[in-house]
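No lab work stands behind these numbers, since they all come straight from the coordinates. Because the structure is a prediction, the values reported are computed rather than measured. Backbone-built Cβ (ideal geometry, glycine too); neighbour counts: all protein chains shown.
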Amino acid sequence: MLSTSEINGKWKEYRLSNKNGISVSVLDYGGIITKLMVPDKNGNLENVVLGFKDYQEYESNPFYFGAIIGRVAGRIQGASFSIEDKAYHLEANNNANHLHGGPKGFHQVIWNVYPFENEDAVGLTLTHTSADGDRGYPGNVDVSVTYTLNNHNQLILDYAASSDQTTPLTLTNHSYFNLSGNAKENITNHYVKMDSSKFAELDHTLIPTGKLIDVTGTPFDFRKYQKIGTGFNSSFEQNSLVGNGYDHYFIFDHASEHQVIVDEPHSGRIMKVKTNQPGMVMYTANNMAEGYVLLEGTTKKYQGVCFETQGLPASLHHPGFPSILLMPGKKYKKQTVFTLNIINE
Ligand code: G6D
């Protein structure tokens, strides 16, 4: 089922719901997921993503809550890159680096929205054209992002793009998940299992050094279930330098059934993540400023966890990583599926 409402006289919010009571709400502004209602083991419907109570806060959205991120998710070192010996300079909006597509990136544009519904699913296709030179990037880029909610409790994000010039592109969604429901607890006691034996080492400006670190024997080893909180009090330098947590790109070992599984035992909610991206940034809101009013509670450190499935912008400066360059005539086509299971006691 699908419903639409006007927001602040300038935006539209679309609410998609399936036959099992799960619903997701999305703004045309930034493609922002503002709510994701999922029952717990007792059937109580609660919100499992962070979002502002006053939607006007989404105008600036310093945390990128729920938003489509692009042209390039993550940090581009020195806010610059070169293609075939031509240098491009972007806005440095995060110290000397370029973060998440820069100011007025994809998280701050109004997308065209095309709702659809069929027997088993309901969804939205959002489209946007980023002109040549937009935020300093080359090429006219046509982008579409489709959110589909089906009756198998899957929220499917399909990303597609094409460009008339070679340009870097890697998109993601920046939702902060908190499976306790209505942010009753922070994410310390969420369990995560992740199919990854290597992650990208960061320097003190949060830029990858180009070195991959084996997770074995470190707080980054999620190959068996482990509490997210493992990295919050660890003395491991890669945890402490990002603000005592995780803010790292994990490279997946296989294109397996689910690369990530998140289990929140008190609510009985389990979320599985499957993607055709080579990896993902797991960010545990280490640097979240306090005091912003959310739908439930206020912003606090560790209030949510992001699973930013994406390519690695460091590939623009380190040849060893999978490229994020989109060539003319090629199609960018990525998918991430969040499956929301409820395991009764
Ligand atoms: C911080 O380093 C983190 C980013 O990974 C995150 O996306 C942002 O906050 C919201 O800059």
Ratio Rg/Rh [Cα only; Rh per Kirkwood] for the chain: 0.94
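Using the Kirkwood formula over every pair of different C-alpha atoms, what hydrodynamic radius in Å results for segment 163-309? Kindly include the intermediate steps, with their values, before the conclusion.
Values: mean 1/r = 0.0629 Å⁻¹.
One over the average 1/r among Cα pairs gives 15.9 Å for segment 163-309.
Which FRET efficiency value, to the nearest 0.05, is calculated for THR209 and PHE116 with the Förster distance at 56 angstrom and r the Cβ-Cβ distance? Write out the running numbers ahead of the final one.
Working: r = 44 Å, r/R0 = 0.78.
The computed FRET efficiency comes out at 0.80.
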Using the count of nearby Cβ atoms within 10 Å as a rough guide to exposure, how do ARG269, ARG71, ARG223, ARG15 rank from fewest to most? ARG223, ARG15, ARG269, ARG71
Return the long-range amide H neighbours of ASN140 (sequence gap of 5 or more, or a different chain), with a cut-off of under 5 Å between placed amide H atoms. ASP132, ASP164, GLN165
In Å, the Kirkwood hydrodynamic radius from C-alpha pairs for segment 4-118 sits at 16.0 Å
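Any chance you could run the full-extension gain for ASN42 through MET1? It's 0.36 nm times the residue separation minus the Cα-Cα distance, nm to one decimal.
Numbers: separation 41, 0.36 × 41 = 14.76 nm, distance 2.32 nm.
So the extension gain works out to 12.4 nm.
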Helix-only [θ]222 nm of the chain, DSSP H runs n ≥ 4, -39500 (n - 2.57) each, per residue, nearest 500: 0 deg cm²/dmol
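For the chain, what is the charge dipole size about the Cα centre, in debye to the nearest 20, if Lys and Arg each add +1 at the Cβ and Asp and Glu each add -1 at the Cβ? Could the numbers behind the result be given before it?
Numbers: 28 positive and 35 negative charges, 47 e Å.
So the magnitude is around 220 debye.
Structure shown: which of LYS274/LYS300; LYS19/LYS300; LYS301/LYS334; LYS224/LYS334; LYS224/LYS272; LYS12/LYS53 lie over 23 Å apart, alpha-carbon to alpha-carbon? Before the final figure, lay out the partial values.
On the way: LYS274/LYS300 28 Å; LYS19/LYS300 33 Å; LYS301/LYS334 30 Å; LYS224/LYS334 26 Å; LYS224/LYS272 14 Å; LYS12/LYS53 16 Å.
As for pairs spanning more than 23 Å Cα to Cα, those are LYS274/LYS300; LYS19/LYS300; LYS301/LYS334; LYS224/LYS334.
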Rank-order 276-283, 228-235, 7-14 by packing density, defined as the average count of other C-beta atoms within 10 Å over each peptide's residues, highest first. 276-283, 228-235, 7-14
